[in-house]
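The values are calculated or read from the model by the stated rules, or taken from the named source; none is laboratory data. These figures come from a predicted structure and were not determined experimentally. Cβ coordinates were reconstructed from backbone atoms using ideal geometry, including for glycine residues, and neighbour counts include every protein chain displayed. We work out accessible area using only protein heavy atoms, side chains counted, and drop any ligands, DNA or RNA first. Shrake-Rupley method; radii C 1.70, N 1.55, O 1.52, S 1.80 Å.
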Amino acid sequence: NIPVVTTLLGIGAFDTPDNLSLRMLGMHGTAFANYAVEDCDFLIAVGSRFDDRVAGKVKEFAPNAKIAHIDIDASEIGKVKFVDWSLISDAKRGLAQLLKAGKELGFKRDFSAWYRHVDELRRNHPMNWNRKAPMIQAAAVLAELNEITKGEAFVSTGVGQHQMWAAQYIDFKRPRTWLTSGSMGTMGFGLPAAIGAQLANPGALVIDVDGDGSIRMNLGELETLTTYDIPVKVLLLNNQGDGMVRQWQDLFYANRYSGSDKALHKKDFVKAVEADGFGFARRVTQYADLRRNLEEFVGFRGPAFLEVMCDAHEHVYPMIGPGAGYKEMITGDFIASRGEANVKAETPEGYF
């Protein structure tokens, strides 16, 4: 009964729809997860390396907390973040031993006040996007997809904004159903990872959520899907550029753009996949057409490709900038930060 946050690569280790799940923390983690880490007085880190995408400004990470660190690798203990207690162990064995010891010692604690605080964070700082924008918002596409898949799909991604939106908005009910490239982040990872997942799980729904920058890195693998009739679904969020690079250029480089604009490239992805033999190959440019096409895309029996043209100026929020701490988290115009009474756009009740 402890509220849980996960790193990007830990997604799926704990059911995201569960009431105790606060989803992902860190640079693009949910605001309520990050605020909970800021406020907690005890943090148990399991197999975590406190990397810069999670810890940010390390000295200020979880400033009020005693930290316990469980890891199979002794060299990880104290390498980045000083901890108050540690256990060198396989995660499953170590946690089982701690639970057993707690029961034998008769450990009992009333966490009701903490639960109320966490629930309040979730209510006051829910995920959101610009619901009045004329162009399709990528966050809205993935929230819509999540309503269809209900946490039951294998999802892979490339690297970039689409990767973070997928981590934020898609639910996972089972371990190892989220496949993404962490650490250095390998663009082009999504499509071959989806192929592997589909071959290993023939009856499963497998979706590659990709970006127009990432998918270019392994475009030839689209033909692999049709050659071997591998029923992977490829959802391309096309914002005509390397969106994450452009976001950093917007926020930290005074809108000086270099190498991030793909608008001049005349690639027609739908024609390309039709040439590769896809029976389902469509492009969506209007919200009115989104839900129907997503449902037909997910339900198609063979390989399917759906391109959604998205707003090139949409940013992934929340965001903790490079070298910043959780106190400097940027929530944007549509997610409430500390001290804001109301979100600036209408948010459905109970949304995350």
Show which lysines lie in cross-link reach of Lys103 when reach means a straight Cα distance below 22 angstrom and same-chain residues fewer than eight apart are skipped. Lys66, Lys92
Between Val273, Val155, Val206, find the one with the highest GNM mean-square fluctuation for the chain; connect C-alpha pairs within less than 10 Å. Val273
In whole percents, the bins of 10 Å from zero upward hold the Cα-Cα pairs of region 139-194 as 26, 57, 18, 0
Placing +1 at every Lys and Arg Cβ and -1 at every Asp and Glu Cβ, with all other atoms neutral, what dipole size does region 197-308 have around its Cα centre, in debye to the nearest 20? 260
Would you mind listing how long region 213-264 runs along its three principal axes, going by Cα atoms, in whole Å with the largest first? 47, 17, 14
Given +1 on the Cβ of Lys and Arg, -1 on the Cβ of Asp and Glu, and no further charges, what dipole in debye does the chain carry about its Cα centre, rounded to the nearest 20? 480
Any idea of Lys262's accessible area? Nearest 10 Å², probe 1.4 Å. 30
Neighbour-limited loop hits for chymotrypsin sites (Phe, Trp or Tyr not before Pro), region 246-337 (at most 14 other Cβ within 10 Å; DSSP other than H, G, I, E, B): Tyr253, Tyr257
Show the residues, 5+ positions off or on another chain, whose built amide H is closer than 5 Å to the amide H of Met24. Thr6, Thr30
Largest-first principal axis extents, alpha carbons of the chain, Å: 65, 44, 37
Of the candidates Ser183, Pro202, Met135, the farthest towards the positive dipole end of the chain (Lys/Arg Cβ +1, Asp/Glu Cβ -1, centred on the Cα centre) is Ser183
Taking the Cα centroid of region 187-225 and of region 105-161, what is the distance between the two, rounded to the nearest whole Å? 24
Roll a 1.4 angstrom probe over the protein heavy atoms and tell me the percent of accessible area of the chain that is carbon or sulfur. 53
Amide H contacts under 5 Å for Leu179, restricted to residues at least 5 apart in sequence or on another chain and with H modeled in the peptide plane, are Val155, Ser156, Thr157
The chain, accessible area per residue, ligands and nucleic acids excluded (1.4 Å, Å²): 50
Lysines within cross-link reach of Lys267: Cα-Cα under 22 Å, excluding same-chain residues under 8 positions apart? Lys233
